[in-house]
1. Check LEU223, LEU157 and return the single one that is in a helix (DSSP H, G or I), of a type in the set (A, V, I, L, M) and surrounded by 12 or more Cβ atoms within 10 Å (Cβ to Cβ).
2. Take THR217 and decide whether it is open to solvent by 60 Å² or more (accessible area, probe 1.4 Å) and assigned to a helix (DSSP H, G or I).
3. Report whether or not ILE149 is closer than 30 Å to SER118 by Cα, modelled with pLDDT of 90 or more, more than 17 Å from the chain's Cα centre (by Cα) and open to solvent by less than 30 Å² (accessible area, probe 1.4 Å).
4. Could you tell me whether any residue of segment 74-82 is surrounded by fewer than 21 Cβ atoms within 10 Å (Cβ to Cβ), β-branched (Val, Ile, Thr) and out of contact with any Asp or Glu (no Cβ under 9 Å at 6 or more places or on another chain)?
5. If LYS86 passes every condition in (1) surrounded by 16 or more Cβ atoms within 10 Å (Cβ to Cβ); (2) farther than 27 Å from ASN158 by Cα; (3) charged (D, E, K, R) but one, which one does it miss?
6. For the structure I just gave you, tell me whether SER118 is closer than 21 Å to LYS56 by Cα, of a type in the set (Gly, Ala, Ser) and over 16 Å from the mean Cα position of the chain (by Cα).
7. Would it be correct to say that ASN33 is open to solvent by 40 Å² or more (accessible area, probe 1.4 Å) and over 25 Å from ARG156 (Cβ atoms)?
8. Inside segment 1-30, can you point out the residues that are loosely packed, with under 13 Cβ neighbours inside 10 Å and of a type in the set (D, E, K, R)?
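The values are calculated or read from the model by the stated rules, or taken from the named source; none is laboratory data. The structure presented is a predicted model; accordingly, all values stated were derived computationally and were not measured. Don't worry about glycine lacking a Cβ; one is built from the backbone with ideal geometry, like all the others, and counts go over all protein chains shown. The area values use the complete protein model at the heavy-atom level, side chains included, leaving out ligands, DNA and RNA. Shrake-Rupley method; radii C 1.70, N 1.55, O 1.52, S 1.80 Å.
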Amino acid sequence: LFPALIPYVTVFGEQNKIPVINPISLNSSIVENTTQTILFQPTLESMAGSVANFAKEKFVYRKNDARDNGLKPKMEVVIFYSADIKDSLLAVYYRDSLKVKGFTVSKFVKITKSKISSVGKIIADSISLTKTSHVFVASSDAALASNVISALEISRLNIPIITKSEWLDINNQTFEQYERRLVYFIYPDFVSFYNEGYKNFRSAYVKKYNSYPSKYTVIGYELMTLMGTNMKEY
């Protein structure tokens, strides 16, 4: 459904006690004040909270380089985000989640096309890179990705990057570069292509339609499998 129609279906489900499942949206407002509506995807708030938990566990006590004894906690975070509404919201939710965990956001910067070239200076001017826990990038812009990676390589410090899975579609970066640069991805749609269940599904799909399943086909299959299992059990 288009967003404008969703409230009508939500009200219908609530009034008639019929579950409503939204397979695509990340918007938490859809499930507010309702007992019948379910989101299949995680909300932006829940993603931000989960990533903040991960960062607190992994990126507080670590070495920036061989000379770093890693004993002092690194609690400062640099956040970049685009003008896209979902990116902006994710950045805000992540900043708020970090503060609850005791982190300090040293830089919180919206990056437009005119600002991309200044990313290196922004990173270099951070209060102290040796105190920086990680860099968070809420954007899928290829130019921004390249500038962030380049700036951190110039710094010669092993500061992790957390970003969106869309970076994996950027052609000018390799998996090896991401691994070397300690890039971590928020990837709610991740598919284990070598999973036996997925291989069986893909084989049956290709046999019937003579094409590989798309991202949304896989989401649909997972949703129907999950709901079918629960409907059968309950």
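1. On the way: LEU157 fails: in a helix (DSSP H, G or I).
Among LEU223, LEU157, only LEU223 is in a helix (DSSP H, G or I), of a type in the set (A, V, I, L, M) and surrounded by 12 or more Cβ atoms within 10 Å (Cβ to Cβ).
2. Here the answer is no, as THR217 does not meet what is asked.
3. yes
4. No.
5. (1)
6. no
7. For ASN33, the condition - open to solvent by 40 Å² or more (accessible area, probe 1.4 Å) and over 25 Å from ARG156 (Cβ atoms) - is met.
8. Hit for segment 1-30 is LYS17, nothing else.
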